[in-house]
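The values are calculated or read from the model by the stated rules, or taken from the named source; none is laboratory data. Just so you know, these numbers come straight off a predicted model, no measurement behind them. Positions of Cβ are backbone-derived with ideal geometry, glycine not excepted, and every protein chain shown enters the neighbour counts.
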Amino acid sequence: MAEPRFAVEAEGLRKRYGGPRDGTQALDGLDLRVPAGTVHGLLGPNGAGKTTAVRVLTTLARPDGGTARVAGHDVVREAARVRTRIGLVGQHAAVDEVLGGRQNLVMFGRLYHLGTARARRRADELLERFRLTDAADRPAGEYSGGMRRRLDLAASMILAPPVLFLDEPTTGLDPRGRNEVWDAIRTLVDGGTTVLLTTQYLEEADRLATGISVVDHGRVIAEGAPDQLKARLGGDRIEVVLDDPGALSAAAGIVGRVASGEVDVDAEALRVGAPVTGRAAALTEAVRALDEAGLAVADIGLRRPTLDEVFLHLTDAGKSEKEVPA
């Protein structure tokens, strides 16, 4: 049977913990579609519902309402089939730190009912794939954080599942460790695996994800490619950093003449910024006008909104909507 176009589909997912008065509505009508063979980021603040969504999609929690299919199978009616088609890497390492890397993978293979010889072959394949061969016989407790997470990823791929769920896989890792895990994820996707990634690291989603769903209060409040989400804040911005605090007002006036939106002035950072269209022309005109006015400029340039700014804008807007009385 052909693989479905969407590896993960959810419609109107609802999940509540506790009673009607003192409980928590973890999912409040969450909709999600993840195309097969892509990395999809699920972003949101603490308590937004990301981990609950993963628990429902991986059959660890039963939804109170709505429907979901993973790898073409319903997560409630066909839970056993879903579990044979997925891998899951949680927030905490699942490997045994006393055992070596190879021993860990062979153990997981045996738990998945592989024969001893097949489990050993699969372990060696995964050690090579995740660049852990040289450390295969060292206790996992001696691995760096990035190596342990790569070993976690390897363990989740024992049966080569087509869909992999990663729940904040790089939490607590240093930049080197995060880069190691990112490289491993890219390798998996290049091989055809679909990855649903929950994360609070905006850079992580920006680097890895083809599509992003921003979750707040248990529902998706925005979705799209990273560049599409950034465009919601107006595209390019011109920013001018000054040497003289007394020049802020004059610089704001000049930037205002080339701006396509409101001018922001940060007196503490001596920075003036504003959205612009026609990036090259706007920058050229601003540089000329600042020079003619004799203003001492420490730095000037164009930049695009970061995913962090988009995230804060969207979640702040969602918070405001919740606070408005009906």
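Mind checking which residues of the stretch 247-271 are within 20 Å of LYS230 (Cα to Cα), in contact with a strand residue (DSSP E or B) (Cβ under 6 Å, 6 or more places away or on another chain) and either modelled with pLDDT of 95 or more or not hydroxyl-bearing (Ser, Thr, Tyr) (or both)?
ALA259, GLY261, VAL263, ASP264
When the stretch 78-98 is examined, which residues are found to be assigned to a helix (DSSP H, G or I) and of a type in the set (Gly, Ala, Ser)? Even if it seems obvious, please write down each step before you answer.
In the first step, residues of the stretch 78-98 are kept if they are assigned to a helix (DSSP H, G or I); the result is 79-84.
Residues satisfying the conditions are ALA79, ALA80.
Could you list, in sequence order, all residues of the stretch 96-132 that are under 27 Å from LEU197 (Cβ atoms) and touching a Gly at 6+ places or on another chain (Cβ under 8 Å)?
Selection gives GLU97, ARG122, ALA123, LEU127, LEU132.
If I ask for residues that are without any contact (Cβ under 8 Å) to a residue 12 or more places away in the chain and not in a helix (DSSP H, G or I), which ones from the stretch 99-125 would you list?
HIS113, GLY115
So for the stretch 187-197 (the condition being outside any strand (DSSP E or B), over 17 Å from GLY37 (Cβ atoms) and in contact (Cβ under 8 Å) with a residue 12 or more places away in the chain), does at least one residue qualify?
No, there is no match, as no residue in the stretch 187-197 is outside any strand (DSSP E or B), over 17 Å from GLY37 (Cβ atoms) and in contact (Cβ under 8 Å) with a residue 12 or more places away in the chain.
Can you name the residue in the stretch 126-143 that is among the basic types (Lys, Arg) and either in a helix (DSSP H, G or I) or within 26 Å of the chain's Cα centre (by Cα) (or both) and is also surrounded by the fewest Cβ atoms within 10 Å (Cβ to Cβ) among such residues?
Checked the stretch 126-143; the qualifying residue surrounded by the fewest Cβ atoms within 10 Å (Cβ to Cβ) is ARG131.
Of the conditions (1) closer than 30 Å to ALA26 by Cβ; (2) buried (at least 18 other Cβ atoms within 10 Å of the Cβ), GLU203 clears all except one; give me its number.
(2)
Every residue in the stretch 78-87 that is touching a residue at least 40 places away in the same chain (Cβ under 8 Å) and surrounded by fewer than 20 Cβ atoms within 10 Å (Cβ to Cβ), please.
Of everything in the stretch 78-87, those that are touching a residue at least 40 places away in the same chain (Cβ under 8 Å) and surrounded by fewer than 20 Cβ atoms within 10 Å (Cβ to Cβ) turn out to be THR84, ARG85.
Take the residues in the stretch 95-125 that are hydrophobic (A, V, I, L, M, F, W, C) and surrounded by fewer than 14 Cβ atoms within 10 Å (Cβ to Cβ), then tell me which one is farthest from ILE185 (Cα to Cα).
ALA117
Just checking, how many residues over the stretch 67-77 are without any contact (Cβ under 8 Å) to a residue 60 or more places away in the chain and crowded, with 18+ Cβ neighbours inside 10 Å?
The initial filter retains those residues of the stretch 67-77 that are without any contact (Cβ under 8 Å) to a residue 60 or more places away in the chain, namely 67, 73-77.
Among the residues that remain, those that are also crowded, with 18+ Cβ neighbours inside 10 Å are: 73, 75.
Within the stretch 67-77, residues that are without any contact (Cβ under 8 Å) to a residue 60 or more places away in the chain and crowded, with 18+ Cβ neighbours inside 10 Å number 2.
Every residue, every condition in (1) out of contact with any Phe, Trp or Tyr (no Cβ under 8 Å at 6 or more places or on another chain); (2) more than 20 Å from GLU223 (Cβ to Cβ); (3) not hydrophobic (A, V, I, L, M, F, W, C), yes or no:
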| residue | (1), (2), (3) |
| --- | --- |
| VAL39 | yes, no, no |
| GLY47 | yes, no, yes |
| ARG55 | yes, yes, yes |
| LEU60 | yes, yes, no |
| GLY65 | yes, yes, yes |
| ALA68 | yes, no, no |
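Conditions (1) in contact with a helix residue (DSSP H, G or I) (Cβ under 8 Å, 6 or more places away or on another chain); (2) surrounded by fewer than 19 Cβ atoms within 10 Å (Cβ to Cβ); (3) at pLDDT below 80, marked per residue:
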site: ILE221; (1), (2), (3): yes, yes, no
site: ILE238; (1), (2), (3): yes, no, no
site: PRO245; (1), (2), (3): no, yes, no
site: LEU295; (1), (2), (3): yes, yes, no
site: ASP316; (1), (2), (3): no, yes, yes
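Hey, could you check the stretch 9-53 for residues that are touching an Asp or Glu at 6+ places or on another chain (Cβ under 8 Å) and among the small types (Gly, Ala, Ser) and say which is nearest to LEU312 (Cα to Cα)?
Here the residue is GLY44.
Could you grab me the full set of residues in the stretch 39-77 that are over 21 Å from HIS92 (Cα atoms) and assigned to a strand (DSSP E or B)?
If the condition is that a residue be over 21 Å from HIS92 (Cα atoms) and assigned to a strand (DSSP E or B), then GLY65, GLY66, THR67, ALA68, ARG69, VAL70, HIS73, ASP74 are the ones that fit.
Pairs please, first residue from the stretch 22-46 and on the phi > 0 side of the Ramachandran plot, second anywhere and in a loop (DSSP other than H, G, I, E, B) and modelled with pLDDT under 95, Cβ atoms under 7 Å, 6+ apart in sequence or on different chains.
Listed by first residue and then by second, the contacts come to GLY37/GLY192.
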